[in-house]
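Nothing in this text is a laboratory measurement; each read-out follows from the coordinates by a stated rule. This structure is a prediction, so every number in the text was calculated from the model and none was measured. With ideal geometry, Cβ positions are generated from the backbone for all residues, glycine too; neighbour counts draw on all protein chains shown.
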Amino acid sequence: MRRNRKRLYAKPPRWLRWLTPGLFVKRWLLLSTFGIVSLILGTLVWLKLTPVFYTVKFVGSLLNLVTRLVPNYVSGPLAIGGGLLLIVWAQSRTLGAITEVLLPANSEDNLWDAIATHRRLRKGPRIVVIGGGTGLSTLLRGLKHYSANITAIVTVADDGGSSGRLRREMGGIPPGDIRNCLTALADEEKLLTELFQYRFESGTGLSGHSFGNLFLSAMNEITGDWEQAIAASSQVLAIRGRVLPSTLSDVSLWASLEDGRYIEGESNITKAKGAISKIGCVPVDPPALPQAVEAIEGADYIIMGPGSLYTSIIPNLLVPELVEAIAARKVPRIYICNIMTEPGETQGYGVAEHIQAIDRACGKYLFDAVLIQKKLPSEAAIARYYKEGSTPVLLDRQTVVESGRRIVIANVMSESNTTVRHDPKRLASVLVKWYERTRGSW
């Protein structure tokens, strides 16, 4: 039975797969045939037609001889089939030689698979994803399998770790979140992505830095432009889509806590362990990167999150031009709510409080639906997170509905060793299905 099943689902022969719809190969095979015929006829005509007469006469005599030996209803189809097979075989051998050059030696894909994937992804919707941190890179790993027209707009408020050190020592924007998004969108170049994520564990001045952060900073120094530095890194990693900072300004976050404290710095806000009443940035109203605004204005689909509410998502919404562009866009817009609350930022928050915080920060209606995890994590995971001051984000359905948002509930979580994360494949699948169902209603 297993052998029969394997035969039933076996891939068609290689030469036949070139006839798969959507590859734009059949038309070129046919055009090649017409070209060969035209070349022969043109050459004969160029020789003043006399050879055409003799050629036709010779071919006619030859065909009469063949049909006397083999009936025309047999010889005709055989000749046609043989000619087609020769053309297809020759073309496939040619394309096979090209494949050896274009595709990596260790690639599991064939050229027709690469062409079909390329065509499908290029036809995908123009998706703009807004956020930062590990949440954004997790989402991008799933979305890149549905569209190559992805623009990730990334926060530049990070001031901790390797990014913070480079920011203080070299100036400019922190490269960490940008690096994570670039590697998430990379087209399966495993060694290069590992290289960009590699973090030095020793060495004076190097310890704690990631290679990707240093590479981006060096490219910025060479080009004098963060846009060019990111574009060059995108080419190195062969990413699907593009990554843009929300602003090129040297943005620093501040927060007012409910206990009266005033905290400066993104990393200090999390460490403060206090309820946030207001958040802002210096400079006030930083200018948006023009390409980020253009991406939003041309988007078919806008996604916010997942990620830290006050330090990954809201910092992007402190850029007024981005907020205005999102609010004006009449396309499906969805916010992905976190699965667990975050110590030092959102203790005790439910879904409604996340939505209200975003509305307060920007003063605009920016999304029409919220995606919420359906099932709770395991008891072991909940107990572990509770010790860290984190609890599941619960849904207050009535309050969310009153805010005017649709509720999308799905299982988009993965749990490993009591660690809870969004699952890239499940999350992307749910988001794309929701987009396909709702895009006609805008």
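With K and R counted +1 and D and E -1, the other residues having a Cβ less than 9 Å from that of N411 yield a net charge of +2. For segment 284-442, the relative contact order works out to 22 percent when only alpha carbon pairs closer than 8 Å and six or more residues apart are counted.
Straight-line cross-link partners of K273 among the aspartates and glutamates, defined as a Cα under 13 Å from its Cα and at least 8 positions apart when in the same chain: E258, D259, E342, E345, E388. Charged neighbours of K433, selected by a Cβ distance under 12 Å, balance to +2 (K, R count +1; D, E count -1).
Model label sites at V66 and N411, defined 7 Å from Cα along the beta-carbon direction, differ in position by 6.3 nm.
Return a whole-number percent for the relative contact order of segment 159-281, with Cα pairs under 8 Å and 6 or more residues apart as the contact set. Numbers along the way, then the final one.
Working: 172 pairs, mean separation 29.7, N = 123.
This gives 24 percent for segment 159-281.
The length gained by stretching the chain between M170 and E221 to full extension, at 0.36 nm per residue less their Cα-Cα distance, is 17.5 nm.
With a Förster radius of 56 Å applied to the C-beta separation of F58 and D113, the computed FRET efficiency comes to 0.80.
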